[in-house]
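S.K.: Here it is, the structure in full.
The values are calculated or read from the model by the stated rules, or taken from the named source; none is laboratory data. From a predicted model like this one, the values you see are computed outputs, not experimental measurements. All Cβ positions, even for glycine, are placed from backbone atoms using ideal geometry, and neighbour counts span all protein chains on display. What goes into the accessible areas is simple: the full protein's heavy atoms, side chains included, and nothing from ligands, DNA or RNA. Shrake-Rupley method; radii C 1.70, N 1.55, O 1.52, S 1.80 Å.
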Amino acid sequence: MPVVEGYPEFAAHLVQSLVLDEFDMTIVNEMPLDHGLTVPLTLLYGQPKVWPVRVIPLAVNVVQYPAPTGNRCYMLGKAIKKAVESWHEDIKVVIFGTGGMSHQIQGPRAGLINTEFDAAFLDGLARDPERLARIPPLEYLRDAGAEAIELVMWLIMRGALGQRVREVYRFYHVPASSTAVGHIILEAA
């Protein structure tokens with residue numbers, strides 16, 4: 001994989017601002033990165049020797065109980081926006097909300113895909129994120145599969161964009177695997 005360059009000064013500012021906004025953050029100086037970061041970067045930049053952007057990964061627990069609520073993630077995104085706006089440099093920031101859409105990898109419902117849920121979620125990101133923020137974790141499980149709780153991470157991205165957005169691009173596909181794949185590009189309007 002290409003080398004990932006961080007931005008420690010901005011990361012420290014971000015953490016300080018988030019803690020002051022009542023978010024409990026953990027700082028990690030070295031972290032192995034997974035497909036949640038490398039897939040979006042590869043889609044944007046191919047396979048360079050070094051990614052042409054500085055990266056601050058933010059890991060969110062959606063594996064072990066209890067997972068955060070959509071509202072908590074949405075509010076975290078708003079706090080990130082505030083931190084970015086208070087940074088002393090004028091920088092461009094891109095936030096990826098990553099995680100699979102509807103899917104269940106194991107158990108009796110393995111292979112579950114709910115395209116209606118996924119389409120409504122993508123619509124809601126652009127038009128009504130507050131509705132998405134109110135979806136209870138059990139609804140993700142019931143309607144979109146055990147692993148669909150990963151979608152709450154998309155709400156961090158959406159919260160960071162502010163109230164109004166413009167949808168630039170959307171893609172949805174169910175490949176020959178057990179995870180629905182969706183991409184949406186939103187810009188602050």
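S.K.: What is the diffusion coefficient of region 90-189 in µm²/s, taking the Kirkwood radius over Cα pairs and the Stokes-Einstein relation at 10 °C with a viscosity of 1.306 mPa s?
M.R.: Details: Rh = 13.9 Å.
The diffusion coefficient I find is 114 µm²/s.
S.K.: From the backbone phi of region 61-75, what are the Karplus-calculated ³J(HN,Hα) couplings (6.51 cos²θ - 1.76 cosθ + 1.60, θ = phi - 60°) in whole Hz, Gly and Pro given as x?
M.R.: Calculated HN-Hα couplings, in order: 6, 10, 9, 9, 5, x, 7, x, 6, x, 5, 4, 5, 4, 5 Hz.
S.K.: How large is the accessible surface per residue of region 1-100, computed with a 1.4 Å probe and reported in Å² as a whole number?
M.R.: Values: 6870 Å² over 100 residues.
It amounts to 69 Å² per residue over region 1-100.
S.K.: Let me ask something else. Once each part is reduced to its C-alpha centroid, what is the distance from region 44-62 to region 90-148 in angstrom?
M.R.: First find each Cα centre; the distance between them is then 22 Å.
S.K.: Across the chain, where is the longest run that never hits GluC sites (Glu not before Pro) in a DSSP loop with at most 16 other C-beta atoms within 10 Å?
M.R.: 90-189
S.K.: Lys/Arg Cβ at +1, Asp/Glu Cβ at -1, dipole of the chain taken about the Cα centre: which of 119, 19, 176 is farthest positive-ward?
M.R.: Among 119, 19, 176, the one farthest towards the positive end of the dipole of the chain is 119.
S.K.: Please give the helix 8-20 orientation as an angle from the longest Cα principal axis of the chain, in degrees from 0 to 90, rounded to the nearest 10.
M.R.: It works out to around 70 degrees.
S.K.: Of the accessible area of the chain, with the probe set at 1.4 angstrom, what percent is carbon plus sulfur?
M.R.: For the chain, the apolar C and S fraction of the accessible surface comes to 56 percent.
S.K.: So, one more: Among the trypsin sites (Lys or Arg not before Pro) within region 118-172, which fall in a DSSP loop and have no more than 16 other Cβ atoms within 10 Å of their own Cβ?
M.R.: Answer by residue number: 134, 164.
S.K.: Another question about this same structure. Which one, 97, 77, 124, has the greatest fluctuation when you compute a Gaussian network model over the chain with C-alpha springs under 10 angstrom?
M.R.: 124
S.K.: Semi-axes, largest first, in whole Å: what does sqrt of 5 times each Cα gyration tensor eigenvalue give for the chain?
M.R.: 26, 19, 17
S.K.: Turning to a different aspect of this structure: How far is helix 152-161 tilted, in degrees, relative to the longest principal axis of the Cα atoms in the chain, given as a value from 0 to 90 rounded to the nearest 10?
M.R.: Helix 152-161 and the main axis of the chain meet at about 50 degrees.
S.K.: Given N residues in region 1-109, what is its alpha carbon radius of gyration divided by 2.2 N^0.38 Å? Please list the in-between numbers first.
M.R.: On the way: Rg = 15.5 Å, N = 109, 2.2 N^0.38 = 13.1 Å.
Compactness ratio reported: 1.19.
S.K.: Tilt of helix 35-45 relative to the longest C-alpha principal axis of the chain, in degrees (0 to 90, nearest 10)?
M.R.: Orientation of helix 35-45: about 70 degrees from the principal axis.
S.K.: So if we plug the beta-carbon distance of residue 93 and residue 138 into 1/(1 + (r/R0)^6) with R0 = 41 Å, what FRET efficiency do we get, rounded to 0.05? Write out the running numbers ahead of the final one.
M.R.: Details: r = 33 Å, r/R0 = 0.80.
The formula returns an efficiency of 0.80 here.
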